[in-house]
1. Using amide H atoms built in the peptide plane, which far-off residues or other-chain residues are under 5 Å from Val88 H to H?
2. Can you pull the Rg over Rh of the stretch 101-252, Cα-only, Kirkwood?
3. Name the residue, out of Leu264, Leu334, Leu297, whose mean-square fluctuation peaks in a Gaussian network model built on the chain with Cα pairs under 10 Å.
4. Taking the inverse of the average 1/r across all pairs of different Cα atoms in the stretch 91-130, what Kirkwood radius in Å do you get?
5. Can you list the residues, at least 5 places off or on another chain, whose amide H is less than 5 Å from the amide H of Ile124, using H built in the peptide plane?
6. In the chain, which whole DSSP H runs stretch at least 27 Å along their own axis (Cα) and average -1.0 or higher on the Kyte-Doolittle scale?
7. Charges at C-beta only: +1 for Lys and Arg, -1 for Asp and Glu. How large is the resulting dipole of the chain about its Cα centre, in Debye rounded to 20?
8. Post the alpha-carbon centroid distance, the stretch 190-206 to the stretch 261-320, in whole angstrom.
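Just so you know, all these numbers are worked out from the coordinates, no wet-lab data involved. All values derive from a computational prediction rather than experimental measurement. As a convention, Cβ positions derive from the backbone with ideal geometry for all residues, glycine included, and neighbour counts pool all protein chains shown.
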Amino acid sequence: MYTAETTDTADTAAATADTADAAGATALGQPLLSPADLGAFRLPNRVVMAPVTRARAAGDGLVPTAMHAAYYGQRASAGLIIAEGTWVGEQAIGFVNVPGIYTEEQVAAWRRVTGVVHALGGRIVLQLWHTGAASHPDHLGGRRPAGPSAINPRTRSFTSGGFKETVTPRAMTAADIAATVADFGAASENARRAGFDGVEIGGLGSFLIAQFLNPRLNHRTDAYGGDRAARRRLLLEIVDAAAVPWGGRGVGVRLGPYWTDGELFRADEETLADYDALVSALNDHPVAYLHLRGRDLAAPGEAPDAGEIARYRRRFDGPLIANNGYDRASANALIASGNADAVSFATHFIANPDLVTRFAMGRELAAGDRATYYTGGADGYVDYPISDWRDGLG
């Protein structure tokens, strides 16, 4: 992880640089472009690249390729890159062509990616991912996936044969849970060896951690279910295990309290109260930042509701990254309000590798080709152009 300098001289120089950078951002009228300390990370701007699954890993080994290095290198001007969700082990797999971080071949390939990003002045962390019951036997050699309880999450898994409905999983045993926590810890150490600056725990969506947090899916009666404190135990144990390779300096945590997917994943007052308590509990663990996905926008062009983020800003003591539906104006407004320290962008970064420049210069954003999101190959991945200087100022 990138840490603040410790010497007086370095602190003075950094403070002077930050003052100058902040003045420049003010001159542009964009708090989003000012520097920030995000836990253990010093960011030159608050434009964060959100983790986006792009299904470009190579072969059965699920190894990142030279295209991954080019893709993330093109976006190294982001204040922080959060690389795509990456499997912590073979049992975690639930989507085709997504890379892993559990073999030496994968570690070596990721090292090339981080080397390029660092050479270009960027900062990059890796999101650690486990799909749990949202996987499919097609990914697991015909075996049923495992989840908190034997309850079908009623979602879909992207397989080599396309999207398929999930099946009823088997309930994880105590040994399964212990092995999963260990897998996250080992993956975090592998990420450190691969040159990442930290890791983020992927706890949103319809996947393993969110399944344990969900009272409609977690009917356990042991230490990992039965009430909200027990349901969040898996996540907290994973955070603690993942923090060990980084000297306890913390890891990022991504949550989606407003996530909606069918009948079993929906935001209501009960689940939101569970997330209130969870976010407060994170203060007692080594969490570098909290990355929150807001509610989906009701209509195109609608601005995100800042109150959704403010709800958790009041409960979490550390830095907060907001996500989902933001553009340049709404992101700047959110930072100016103090309700978030940074804003992450997913689809905007897909089609705009120079997103920070486009924000700074007021340039129009390009739209991505959704048909190429998961198709593999260079098209729609590393071939989006940067904007032309003649586009001028907005």
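1. Amide H neighbours of Val88, under 5 Å, 5+ apart: Trp129.
2. Looking at the stretch 101-252, the ratio lands at 1.00.
3. Leu297
4. Working: mean 1/r = 0.0872 Å⁻¹.
About 11.5 Å for the stretch 91-130.
5. Ile81, Asp197
6. 8-27, 174-193
7. Using Cβ point charges on Lys, Arg, Asp and Glu, the chain gives about 480 debye.
8. The stretch 190-206 and the stretch 261-320 have Cα centres spaced 20 Å from each other.
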